[in-house]
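The values are calculated or read from the model by the stated rules, or taken from the named source; none is laboratory data. What you see is a predicted model, and the numbers here were worked out from it, not measured in a lab. Neighbour counts are summed over all protein chains in view; Cβ atoms, including those assigned to glycine, are modelled from backbone coordinates with ideal geometry. With ligands, DNA and RNA removed, areas are computed over all heavy atoms of the protein, side chains included. Shrake-Rupley method; radii C 1.70, N 1.55, O 1.52, S 1.80 Å.
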Amino acid sequence: MMELAGMTLEEKVGQLIQAGFHSQEPDEHILDLIERRRIGGVILFTRNVQDPAQVAALTGKLQEAAQRAGTAPLWISIDQEGGMVARITEGVALMPGAMAIAAGGSVEAAYEAALVSGRELRALGINMNFAPDLDINNNPTNPVIGVRSFGEAPEAVAEYGAASIRGFQDAGVSATAKHFPGHGDTAMDSHLDLPTIPHSRERIEAVELVSFRRAVASGVDAVMSSHIVFPAFEPERLPATLSRRVLTGLLREELGFDGVIVTDCMEMQAIAAHYGTVQAAVLAVEAGADIVLISHSRQLQEGALDALLEAVRSGRISEERIDASVRRLLALKRKRLAAGTPELHEAALRLVGCEAHRQTARRISKASVTLVKDEERLLPLRRVPTLVIHTSAVATSIADEAVDIPHTLGKALTALGLDVVERIIPVSPDGEALQGLLTQAEPFGQVVVGTYNASFYPGQVRLIEALQALGKRPVVVALRNPYDLREFPDVSAYAAVYESRPLALESAAKGLTGAIPMRGKLPVAVSEAYPAGWGADGRC
């Protein structure tokens, strides 16, 4: 491991940059950044992933490049939250997401999911996970967080988050609490614009900061900043990522966090459109960030490195300020990046996606299935011909990347012996498609509809209303946000599974057919009639 005293300014500044690239092999782009610019880390996305063996080979080659350059081992990071936000989905034991875990009611499950996921990431050569999401999702119209959150209750999110942090870090992977000071109460996606949370300091202390205080107390390795304006802390309309009052004053000095502060991606429009990625990199370091995350453009990555070097050479940023970040980064690398023997690595790699890990994921997923209402006792489903209308999953924000899931609710029900005719529809079906669905639905006495964020797509709402007008009594299953019921409150049967990953669809089918009990509890309030904590037995 490098020592601070022997590093050049270029090497120190390089440690502050974490960069993405666009291939499944180390290309000239990333190799040049590692070997010439001495960057401190790399972030992987779906574009970099084929399967576990390829990812393990890729990370090994990236670390070899750092070793050849004589620089410190790399952070190799990823967004592997579980559920709908996951970059590696095939060949691993993909865990349910945060809200599904919380619906199951077991804090220990949060620890188990993170421990298993962390062990698999570690075996693949990934040593930093940008998870868990500690946002308090108390805004039903939030377009980017939703089921990525453990729920709307600050203390519950804090408890589940602390367990998740412990799981990842017990597996040897640095956990990252995000998005500080909180992205849960926004109706805007910071990938697309600059949101503001206008609440008072007292309200933010009582809600948003509860989970982050707990994370700091739990020893989380890293905290990711949000690109959100908090006027209660920063009167200059600077987002948290660029605010010294937030990153240094609030997080470092008031909350007492002495770990690594990483920015959210600096190419998101909240930063790029308002401040410019390159100049914002300098502002972020001035504010207190240790890692500046630039996920896509080589030009912007090189530009940020040059701008930071110029800021130090001109005296705008002191070299002592850079040293403080590098000291934290090297200390954490010594703690987390110790290399094991080849034999230990091979043994760990063989456990990736193993049956024991998959069984853990299945158990957690089954516990999440939440029956919200069944007023006419339509469940369990009868063994009669059944029309299943399955709404395709889509990326609701850039955080999702692409979501291409070939599994459907109809296939899952067919696998359990139900006689199914299935129609797969887009998230926003048009009038012609709706009419075709109604015509097809007429002869069926049993109709199941899987919705996907219906509150954002009126076509799905029109479908449910039209089926009801036709005299059908659809059984509705929310395949992502549980808030869909707000759009059609008079459906008689409604369940939530929080995601449309294959495992969730399998669990949903088992719940609908009575193969497993549906004992999950809502982690968020869907309406006054169905508050957070509500479950099939009618008790919170």
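In the stretch 357-374, the qualifying residues are those that are in contact with a strand residue (DSSP E or B) (Cβ under 8 Å, 6 or more places away or on another chain) and closer than 13 Å to Ser507 by Cα, and the one that is surrounded by the fewest Cβ atoms within 10 Å (Cβ to Cβ) is Leu371. Candidates in the stretch 357-374 are the residues that are among the charged types (D, E, K, R) and farther than 14 Å from Ser117 by Cβ; of these, the one that is farthest from the chain's Cα centre (by Cα) is Asp374. It is to be established whether one or more residues within the stretch 353-369 are assigned to a loop (DSSP other than H, G, I, E, B), at pLDDT 90 or above and of a type outside the set (A, V, I, L, M). Scanning the stretch 353-369, I find at least one residue that is assigned to a loop (DSSP other than H, G, I, E, B), at pLDDT 90 or above and of a type outside the set (A, V, I, L, M), so the answer is yes.
To keep it simple, each residue is scored yes or no on (1) over 21 Å from Val107 (Cα atoms); (2) of a type in the set (A, V, I, L, M).
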site	(1), (2)
Gln468	yes, no
Leu485	yes, yes
Leu503	no, yes
Ala509	yes, yes
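Within the stretch 375-404, being open to solvent by 70 Å² or more (accessible area, probe 1.4 Å) and under 19 Å from the mean Cα position of the chain (by Cα) holds for Ile398, Ala402, Asp404.
Please enumerate the residues belonging to the stretch 446-464 that are loosely packed, with under 15 Cβ neighbours inside 10 Å and either closer than 20 Å to Ser507 by Cβ or modelled with pLDDT of 95 or more (or both).
To start, the set of residues in the stretch 446-464 that are loosely packed, with under 15 Cβ neighbours inside 10 Å comprises 458.
None; the set is empty.
Asn139 fulfils the conditions (1) open to solvent by 20 Å² or more (accessible area, probe 1.4 Å); (2) in contact (Cβ under 8 Å) with a residue 60 or more places away in the chain; (3) of a type in the set (S, T, N, Q) except for a single criterion, (2).
Report the residue count in the stretch 370-395 for those that are in a loop (DSSP other than H, G, I, E, B) and touching a residue at least 40 places away in the same chain (Cβ under 8 Å). If you could, list the steps in order and put the result at the bottom.
Filtering the stretch 370-395 for residues in a loop (DSSP other than H, G, I, E, B) gives 375-385, 392-395.
Among the residues that remain, those that are also touching a residue at least 40 places away in the same chain (Cβ under 8 Å) are: 375-376, 378-382, 384-385, 392-394.
Of the residues in that region, 12 qualify.
Scanning the stretch 290-297 turns up no residue that is assigned to a loop (DSSP other than H, G, I, E, B) and without any contact (Cβ under 8 Å) to a residue 12 or more places away in the chain. Selection of the stretch 257-284 for residues being of a type outside the set (Gly, Ala, Ser) and assigned to a helix (DSSP H, G or I) yields Gln269, Ile271, Thr277, Val278, Gln279, Val282, Leu283.
Being surrounded by fewer than 18 Cβ atoms within 10 Å (Cβ to Cβ) and in a helix (DSSP H, G or I) is a property that holds for Leu438.
Going through the stretch 112-159 one residue at a time, which ones are within 16 Å of Asp221 (Cβ to Cβ) and in a helix (DSSP H, G or I)?
Here is the first cut: in the stretch 112-159, the residues within 16 Å of Asp221 (Cβ to Cβ) are 114-115, 117-118, 121-122, 126-134.
Hits for the stretch 112-159 are Ala114, Leu115, Ser117, Gly118, Leu121, Arg122.
Residues in the stretch 502-528 that are farther than 16 Å from Gly151 by Cβ, outside any helix (DSSP H, G or I) and modelled with pLDDT of 95 or more: Thr513, Gly514, Ala515, Ile516, Pro517, Met518, Arg519.
For the subset of the stretch 125-163 comprising residues that are within 29 Å of Pro52 (Cβ to Cβ) and of a type in the set (S, T, N, Q), which member is farthest from the chain's Cα centre (by Cα)? The qualifying residue farthest from the chain's Cα centre (by Cα) is Asn127.
Within the stretch 412-436, residues that are farther than 21 Å from Ala454 by Cβ and touching a residue at least 60 places away in the same chain (Cβ under 8 Å) reach partners that are of a type in the set (Ser, Thr, Tyr) and assigned to a strand (DSSP E or B) with beta carbons closer than 7 Å, at six or more positions or on different chains, in the pairs Leu418/Thr386.
Scanning the stretch 496-534 for residues that are of a type in the set (Asp, Glu), open to solvent by 20 Å² or more (accessible area, probe 1.4 Å) and touching a residue at least 12 places away in the same chain (Cβ under 8 Å) returns a single hit, Glu506.
Against the conditions (1) without any contact (Cβ under 8 Å) to a residue 40 or more places away in the chain; (2) part of a helix (DSSP H, G or I), where does Gly471 fall short? Just the number, please. Every listed condition holds for Gly471 apart from (2).
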